[in-house]
């Protein structure tokens, strides 16, 4: 098969592992900087062009679209879909997962466990936002934040009011969520490929930090998920239309709650902690499912 990986750099760990795993299985692989692609949007003849070359003949595309470039990256993926190329992460699913509010609403509609969450526009409604989540301590999240950036723990009501007011004065869209104290600074990453969890890990926050992101000094270890956690992860990925997803969850007193569903989850942490060849699992999925014109996104909203 001929596979394209849409990524800014070949040197990135996840990009390198995917290229290596595909090559080991005898596939032809090419890494393409999606920001250097441009498109000819002509009726019945869609084309993606990279450095003057028309990109044709690919059996599958693996998008590794960074959050700051979601709009353009998704547009490139959409163009490949119009050409009939199988895309591991479809354009609608990528944009859907990057919109935290939209994804939370879709997960809620499917009855998937979530932290109690509130959202508003006016600073006049701060009291109500805080009351919905049960008061302080609480977590304030920027809708556009990734890897723990733009996530603030407000330990008192006064601090919560100040943080929320400051974000809104900057015209930043935020979510306010209950603080899951019983999680103790840990969360779970379940890596979903197709219809099953192929690897999982528990992440621990660094001392003095409540965010467990590995990029923020957190550590990770292999973990065995409960059947409910596995089911929650698969259902969350399916709710957003993602074939491959990193589902972040916490263990709360009322069961697993989903924090976020990632459309371009990193491989380094999960492969290191679990010992699973996750890149190989993704390539296997492509081998079984890549067919011309197979765009299957049917998610409403």
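The values are calculated or read from the model by the stated rules, or taken from the named source; none is laboratory data. A quick note: this is a predicted structure, and the numbers were derived from the prediction, not measured. Note that each Cβ is placed from the backbone with ideal geometry, even for glycine, and that neighbours are counted across all protein chains shown.
Per-residue answers, yes or no, for (1) assigned by TED's automatic domain parsing to the domain that holds residue 162; (2) without any contact (Cβ under 8 Å) to a residue 40 or more places away in the chain; (3) surrounded by fewer than 20 Cβ atoms within 10 Å (Cβ to Cβ):
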| residue | (1), (2), (3) |
| --- | --- |
| 56 | no, yes, yes |
| 60 | no, no, no |
| 64 | no, no, no |
| 101 | no, no, yes |
| 125 | yes, yes, yes |
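Give me the strands (runs of 3 or more DSSP E) completely within segment 189-252, filtered to those with at least 1 residues that are under 17 Å from residue 108 (Cβ atoms) and either in the same structural domain as residue 102 (by TED's automatic domain parsing) or modelled with pLDDT under 95 (or both), ordered by residue number.
The qualifying strands (runs of 3 or more DSSP E) are 244-252.
What are the residues in segment 131-144 that are crowded, with 19+ Cβ neighbours inside 10 Å and more than 23 Å from residue 103 (Cβ to Cβ), if any?
Of everything in segment 131-144, nothing turns out to be crowded, with 19+ Cβ neighbours inside 10 Å and more than 23 Å from residue 103 (Cβ to Cβ).
Would you call residue 77 under 21 Å from residue 245 (Cβ atoms) and assigned to a loop (DSSP other than H, G, I, E, B)?
No, not satisfied.
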